[in-house]
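Student: A single structure is presented below for examination.
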Amino acid sequence: MLPDSVQLLDEDERRKHATVLMIIAAADGELVREEISAIESCMGLMLIHPTVREEIRQCLTSPPELDEVISEMETATIRLALRDGAIVAAADGDYDDNELNILRMLAKSCGINDERLKRLLDWVNDLWHLCANGREIIASPMLGDDKLTGTEKR
Amino acid sequence: MWLKSDDVFAGLMLPDTLHMLPQVERFAYAKLLAFMTRVDNELTVEEMSTFEQRLGTALLSPPQRKEIRTYLKNPPPLAECLAELGAESGRLALRDAVMMAAADGNVDDDELEVLDEIVEHLGLADDSIERLLEWTKKGYRWMQSGVDLLNELAE
């Protein structure tokens, strides 16, 4: 079955998880369609109620302080937010310094050091290769896919 | 910035093209996925979660999502779904229909039959489903490796 555990979090933890993603997306001062798509995707995956999603979207205009949000989060949720936040941060094609700082703060707060954080970012990198291979099968390539197809690490 | 991988995404944006399609095509795409959820007459949490994830990726407006969710109760005919799909949205819908069919851990005969019809409608290669199922398995292994990594990091 679909191997994920975000649906198992309680409603409040899922809300905080998504709020962290909003903070990451807003961190570089630019909000691109790809970041919004990544966040909406994650909120969908977590099966967050549509009215709660509306409330969470408001965070984009005035994001709360990260330390306030994570101080009330369970460690397991912070780790999941770190994982999904790394995907959101990468969605615009690169990690901005502000985004990396937030990822580091999240990692530190759940006991993950820089060496281990790098492994997580490498894991995110694999997604790009995987998706390029999927597009190759349906003959629907994106510009730049030739750099990624056939080079996946797994 | 040493944290970054050497080949970070080759500078590419989010690896999906769904959100770039015209809204009408994204709606048609979601309609087909709604149809897929009901093919085996069961709607598992995993399927629902994958469905909602794809609706989110598609960046449909909240009212459109609400409309699409009504199709979960009253699925539209497959022919109607296929007729509304464009070439690009059709291919993406096939890819994600395979992913959704596999979300509950099993692709049954009814689901395979529908997937075959979609392939035929789109004029794609006969081995498309087989390759997409293999690709889906790789995707699930990738997701599992993320979960494993988090667990390992927690040790």
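Student: Report the label-to-label distance for B:Glu130 and B:Val147 in nanometres (one decimal), using points 7 Å from each Cα along the Cα→Cβ vector.
Tutor: Placing both labels 7 Å along Cα→Cβ, they lie 2.9 nm apart.
Student: Among B:Phe51, B:Phe27, B:Phe35, rank each residue by its count of other Cβ atoms within 10 Å, from fewest to most, as a rough exposure measure.
Tutor: By the 10 Å Cβ count, ascending: B:Phe27, B:Phe35, B:Phe51.
Student: Now, a different point. Before anything else, pin down the relative contact order of chain A: Cα pairs under 8 Å, at least 6 apart, normalised by residue count, whole percent. Before the final figure, lay out the partial values.
Tutor: On the way: 139 pairs, mean separation 38.1, N = 154.
About 25 percent, as a whole number.
Student: Which three extents, in whole angstrom, do the alpha-carbon atoms of segment A:1-77 cover along their principal axes, largest first?
Tutor: The Cα atoms of segment A:1-77 stretch 36, 28, 22 Å along the principal axes, largest first.
Student: Please name which of A:Leu82, A:His129, A:Val69 has its Cα lying farthest along the dipole of the protein assembly as shown towards the positive end, using unit charges on Cβ (Lys, Arg +1; Asp, Glu -1) and the Cα centre as origin.
Tutor: With unit charges placed on the Cβ atoms, the residue in question is A:Val69.
Student: With springs connecting C-alpha atoms under 10 Å apart, model chain A as a Gaussian network and identify which of A:Met142, A:Met22, A:Met46 has the largest mean-square fluctuation.
Tutor: Of A:Met142, A:Met22, A:Met46, the Gaussian network model singles out A:Met142 as fluctuating most.
Student: Return the whole-Å distance between the Cα centroid of segment B:94-155 and the Cα centroid of segment A:68-127.
Tutor: Cα centroid of segment B:94-155 versus Cα centroid of segment A:68-127: 27 Å apart.
Student: For chain B, what is the Kirkwood estimate of the hydrodynamic radius, computed as the reciprocal of the mean inverse distance between distinct Cα atoms, to one decimal in Å?
Tutor: Values: mean 1/r = 0.0600 Å⁻¹.
One over the average 1/r among Cα pairs gives 16.7 Å for chain B.
Student: Tell me, B:Val24, B:Val45, A:Val124 in order of fewest to most beta-carbon neighbours within 10 Å?
Tutor: On the way: B:Val24 11, B:Val45 14, A:Val124 22.
Final ranking by Cβ density, sparse to dense: B:Val24, B:Val45, A:Val124.
Student: For chain B, what is the mean residue ellipticity at 222 nm derived from helices alone (per DSSP H run of n ≥ 4: -39500 (n - 2.57); sum divided by total residues; nearest 500 deg cm²/dmol)? Kindly include the intermediate steps, with their values, before the conclusion.
Tutor: Details: 7 runs with 103 residues, N = 155.
Using -39500 (n - 2.57) per qualifying helix, the result is -21500 deg cm²/dmol.
Student: Next up: Beyond 24 Å, how much of the Cα-Cα pair distribution for segment A:63-154 remains, as a whole percent? Spell out each step's value before the answer.
Tutor: On the way: 1291 of 4186 pairs.
Of all Cα-Cα distances in segment A:63-154, 31 percent exceed 24 Å.
Student: Can you give the log10 of the normalised intensity I(q)/I(0) at q = 0.16, 0.35 Å⁻¹, computed with Debye over equal Cα scatterers of segment A:113-154?
Tutor: For segment A:113-154, the Cα-only Debye profile gives -0.44, -1.15.
Student: Hey, could you pull the Cα Rg and Dmax for the protein assembly as shown, both in Å?
Tutor: 18.6, 53
Student: Here's a follow-up. Among A:Thr61, A:Thr75, A:Thr149, what is the fewest-to-most ranking by other Cβ atoms within 10 Å?
Tutor: Details: A:Thr61 8, A:Thr75 12, A:Thr149 16.
Fewest-to-most ranking of A:Thr61, A:Thr75, A:Thr149: A:Thr61, A:Thr75, A:Thr149.
Student: Could you give the angle, 0 to 90 degrees to the nearest 10, between helix A:33-45's Cα long axis and the longest principal axis of the Cα atoms of chain A?
Tutor: So the inclination is approximately 70 degrees.
Student: Kirkwood hydrodynamic radius of chain A from all distinct Cα pairs, in Å? Each step should come with its number before you reach the end.
Tutor: Values: mean 1/r = 0.0619 Å⁻¹.
After inverting the mean inverse Cα-Cα distance, the result is 16.1 Å.
Student: Okay, moving on. So what's the angle, to the nearest 10 degrees on a 0 to 90 scale, between helix B:109-122 and the longest Cα principal axis of chain B?
Tutor: 80 degrees
Student: Using alpha carbons only, how many degrees (0 to 90, rounded to 10) separate the axis of helix A:75-90 from the longest principal axis of chain A?
Tutor: Between helix and principal axis, roughly 50 degrees.
Student: I've got another one for you. Would you mind counting up the charge near B:Leu124? Only other residues with Cβ under 12 Å from its Cβ, with Lys and Arg at +1 and Asp and Glu at -1. Could the numbers behind the result be given before it?
Tutor: Values: positive: B:Arg91, B:Arg95, B:Arg131; negative: B:Asp116, B:Glu117, B:Glu120, B:Asp126, B:Asp127, B:Glu130.
Surrounding charge for B:Leu124 is -3.
Student: Can I ask one more? Using the scaling law 2.2 N^0.38 Å as the reference, what is the normalised Cα Rg of segment B:100-155? Numbers along the way, then the final one.
Tutor: Numbers: Rg = 15.1 Å, N = 56, 2.2 N^0.38 = 10.2 Å.
So segment B:100-155 has a normalised radius of gyration of 1.49.
Student: Let me ask another. Starting from 0.36 nm per residue, how many nanometres of slack lie between B:Ala87 and B:Lys66 once their C-alpha separation is accounted for? Mind showing how you got there, number by number?
Tutor: Details: separation 21, 0.36 × 21 = 7.56 nm, distance 2.50 nm.
Separation in residues times 0.36 nm, less the Cα-Cα distance, equals 5.1 nm.
Student: Between A:Val32 and A:Thr51, what is the spin-label point distance in nm, taking each point 7 Å from the Cα along the Cα→C-beta axis?
Tutor: It works out to 3.6 nm between the two label points.
Throughout, read-outs are computed from the coordinates displayed, never taken from laboratory work. Everything numeric here is computed off the predicted structure, so don't read it as measured data. Neighbour counts run over all protein chains shown; Cβ positions are idealised from the backbone, glycine included.
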